[in-house]
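All remarks here apply to the structure that follows.
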Amino acid sequence: MPAHESLIARLVAHRVQFVVVGGYAAMAHGGSLLTFDVDICCRFTPANLMRLREALEDLHPVHRMTPQRLPLKLTPRTCRGLKNLYLDTGLGQLDCLGAIKGVGSYDQVRRRSVRIDLGIGPCRILDIDALIDAKEAMGRPRDREAAVELKAIRERISTPAPRRRSR
């Protein structure tokens, strides 16, 4: 199982409340741009973050945005006030976000998500319209490119195939 799927499978198995967003969600919708991390929007409650910690514990997660690359040490007390976590794990990078630019808080993201099965069990991914909104709000060249591709995918899936004429 590829690393991205293994990370997501661990989150699903530990009942972490999350929605897959970013490049991996774009790929699930048919996008072709490669991604090097898994971006999720998750509920930043102590209980949910404790489930996240348990899911990643044996992968030796570290904070990748700190020069010291400090190990992830979550307790119910240290969870309070967290908004984002940017982690390196034994299976790759995992970005845990409390809100998504262009979409909103976890609850808003969840409302604009769809349930799919990625072959690792059911999980939620940002729907294509919300993903386009998020990519456009980010405004980076790579995100703008992804938004153009996602719009083409949306157009293709929403346009009925031409009917063949009988002879």
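The Cα-based radius of gyration of segment 1-73, divided by its Kirkwood radius, gives an Rg/Rh of 0.98. Add +1 for every Lys or Arg and -1 for every Asp or Glu among the other residues with Cβ under 13 Å from the Cβ of residue 55, and state the total. Charge balance in the 13 Å sphere: +1.
Dipole magnitude for the chain: about 540 debye, using +1 per Lys or Arg Cβ and -1 per Asp or Glu Cβ, origin at the Cα centre. Only lysine pairs 8 or more places apart, or on different chains, with alpha-carbon atoms under 17 angstrom apart are counted in the chain, and they number 4. Calculated from the alpha-carbon coordinates, the chain shows an Rg and a Dmax of 17.3, 73 Å respectively. What is the chain's relative contact order, in percent, from Cα pairs under 8 angstrom and six or more apart in sequence? Once normalised by length, the contact order is 24 percent.
Could you work out what % of the accessible surface of the chain is carbon and sulfur, using a 1.4 angstrom probe and leaving DNA, RNA and ligands out of the count? Roughly 52 percent of what the probe reaches on the chain is carbon or sulfur. Under a Gaussian network description of the chain, with springs only between Cα atoms under 10 Å, the residue in 80, 53, 144 that fluctuates furthest is 80.
Solvent exposure of the chain, expressed per residue, is 58 Å² of accessible area, with all protein chains present and a 1.4 angstrom probe. Beta bridges assigned by DSSP with both partners in segment 1-98 are antiparallel in approximately 70 percent of cases. Other residues with beta-carbon under 9 Å from the beta-carbon of residue 29 carry, at +1 per Lys or Arg and -1 per Asp or Glu, a net charge of 0.
The values are calculated or read from the model by the stated rules, or taken from the named source; none is laboratory data. Small disclaimer: the values here were computed from a predicted structure and weren't measured. Glycine gets a Cβ as well: all are built from the backbone with ideal geometry, and neighbour counts include every protein chain shown. All accessible areas refer to the heavy atoms of the entire protein, side chains included, with ligands and DNA or RNA removed. Shrake-Rupley method; radii C 1.70, N 1.55, O 1.52, S 1.80 Å.
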